[in-house]
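Visitor: I am attaching a structure below and will ask some questions about it afterwards.
The values are calculated or read from the model by the stated rules, or taken from the named source; none is laboratory data. What you are looking at is a predicted structure, and each value in this text was computed from that prediction instead of being measured. Positions of Cβ are generated from backbone atoms using ideal geometry, with glycine treated the same way; all protein chains shown enter the neighbour counts. Please note that ligands, DNA and RNA were not included when accessible areas were found on the heavy atoms of the full protein model with its side chains. Shrake-Rupley method; radii C 1.70, N 1.55, O 1.52, S 1.80 Å.
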Amino acid sequence: MEVFYPILIAILAILIIIFLYYVPFLLWISAQVSGVYISLIQLFLMRIRKVPPHRIVACMIEAHKAGLSDVRRDGLEAHYLAGGHIERVVHALVSANKANIDLSFQMATAIDLAGRDVFEAVQMSVNPKVIDTPPVAAVAKDGIQLVAKARVTVRANIKQLVGGAGEDTILARVGEGIVSSIGSAMTHKQVLENPDSISKLVLSKGLDAGTAFEILSIDIADIDVGKNIGAQLQMDQSNADKNIAQAKAEERRAMAVALEQEMRAKEQEMRAYVVEAEAEVPKAMAEAFRNGNLGIMDYYRMKNMQADTDMRDAIAHPTKSSDKKN
């Protein structure tokens, strides 16, 4: 008997622990004291459905104390089973209620399941966020480059958090607006004199359309003068024109050299042909003498005519005659 009692006590203790685990009686009492009415059966069924009862009850107590009537047990369980953060959703609903922001339970759960931090979004709606843009380089019409930095003050747009674009889109649109504004200025001095004209022009374009934020203000934090892009482009164009002109001149020179070489080749060919023809003259004269077609007097007259021609050529071109003698 002495051994039986300790075993019985241990079994009873185990049974009590199992009972209290599946039927959280103390948690039920805490809910009842806080004004949240939930049955023990529902707490037991939460254990069966793999839903932590203490988290559900804690969220219900927080919502009840804040006066939120649309936060119910079924909705919290469904959101938990869908992979949502029920504590974050309830915190956001309480903050939105205190700040008079229209945020329903369905909207909060949808924002949370979309992957956004709904509690941070509510905080951003109350306290706007400042986003610093990276340096944006743009060129005015006079060719001077300006590098601008802007600070964008935004607050979360609760209704656009589901499906709305994020901060990257805001930064891209603001950068595009700055480039367009500087590019439309006649001179860079106008931009330096009135930097607020950039923010006014960019802000008037409605860059927050389709995003999860509402742009409150765009302030130009800094503007630096960069390179003279216009002069650089003109220099590059001049160098390109010079290179093109040099290439065309080189092409014409190569064509002239080729033509000259071709003419020299033709001249050499003609000289060879003349030399070959002159070599046939003595043979033809000898043949004429043998056949009686050419007399001795005809030959002398031809030689005298050739000597007279050489003399005239020597008088007209003394340099050629000296070259022949040498």
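Rundown of residues vs (1) modelled with pLDDT under 80; (2) aliphatic (A, V, I, L, M); (3) part of a helix (DSSP H, G or I), yes/no style:
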site	(1), (2), (3)
A254	no, yes, yes
A265	no, yes, yes
M270	no, yes, yes
A286	yes, yes, yes
D310	yes, no, yes
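Visitor: Every residue in segment 234-278 that is among the aliphatic types (A, V, I, L, M) and within 30 Å of D142 (Cα to Cα), please.
Guide: Matches in segment 234-278: M235, A240, I244, A245.
Visitor: Right, another one. Given the structure, is V174 of a type in the set (V, I, T), farther than 30 Å from F105 by Cβ and in a strand (DSSP E or B)?
Guide: No, not satisfied.
Visitor: Can I ask one more? How many residues, within segment 227-241, are open to solvent by 80 Å² or more (accessible area, probe 1.4 Å) and either touching a His at 6+ places or on another chain (Cβ under 9 Å) or assigned to a strand (DSSP E or B) (or both)?
Guide: 1
Visitor: Here's another thing I want to ask about it. Give me the pairs: first residue in segment 145-173 and without any contact (Cβ under 8 Å) to a residue 12 or more places away in the chain, second residue open to solvent by 50 Å² or more (accessible area, probe 1.4 Å) and among the polar types (S, T, N, Q), beta-carbon distance under 7 Å, and six or more apart or on different chains, which are they?
Guide: none
Visitor: Where in segment 25-73 are there helices (runs of 4 or more DSSP H), lying wholly inside it, with at least 1 residues that are of a type in the set (A, V, I, L, M, F, W, C) and exposed (fewer than 13 other Cβ atoms within 10 Å of the Cβ)?
Guide: Qualifying helices (runs of 4 or more DSSP H): 25-34, 40-48.
Visitor: Considering segment 76-91 alone, what residues qualify as being farther than 13 Å from L113 by Cβ and either under 38 Å from the mean Cα position of the chain (by Cα) or among the acidic types (D, E) (or both)? Lay out the reasoning, then the answer.
Guide: To start, the set of residues in segment 76-91 that are farther than 13 Å from L113 by Cβ comprises 76-77, 87, 90-91.
Result: E77, E87.
Visitor: Quick check on my filter: what residues within segment 85-119 are crowded, with 20+ Cβ neighbours inside 10 Å and in a loop (DSSP other than H, G, I, E, B)?
Guide: L103
Visitor: Could I ask something else about it? Being of a type outside the set (G, A, S) and either more than 18 Å from S181 (Cα to Cα) or crowded, with 16+ Cβ neighbours inside 10 Å (or both) is the filter here; which residues of segment 207-226 pass it?
Guide: L207, D208, T211, F213, E214, I215, L216, I218, I220, I223
Visitor: Condition first: open to solvent by 60 Å² or more (accessible area, probe 1.4 Å) and under 29 Å from the mean Cα position of the chain (by Cα). Now tell me which residues in segment 121-138 satisfy that.
Guide: The first filter runs over segment 121-138 and keeps only residues open to solvent by 60 Å² or more (accessible area, probe 1.4 Å), leaving 123, 126-130, 132, 134-135.
Scanning segment 121-138 gives P128, K129, V130, D132, P134, P135.
Visitor: Can you pull out the residues in segment 74-84 that are open to solvent by 30 Å² or more (accessible area, probe 1.4 Å) and either of a type outside the set (F, W, Y) or in contact with an Asp or Glu (Cβ under 7 Å, 6 or more places away or on another chain) (or both)?
Guide: D74, A78, L81, A82, G83
Visitor: Please specify each residue of segment 157-184 satisfying the condition of being at pLDDT below 85, open to solvent by less than 50 Å² (accessible area, probe 1.4 Å) and hydrophobic (A, V, I, L, M, F, W, C).
Guide: Hits for segment 157-184 are I158, L161, A165.
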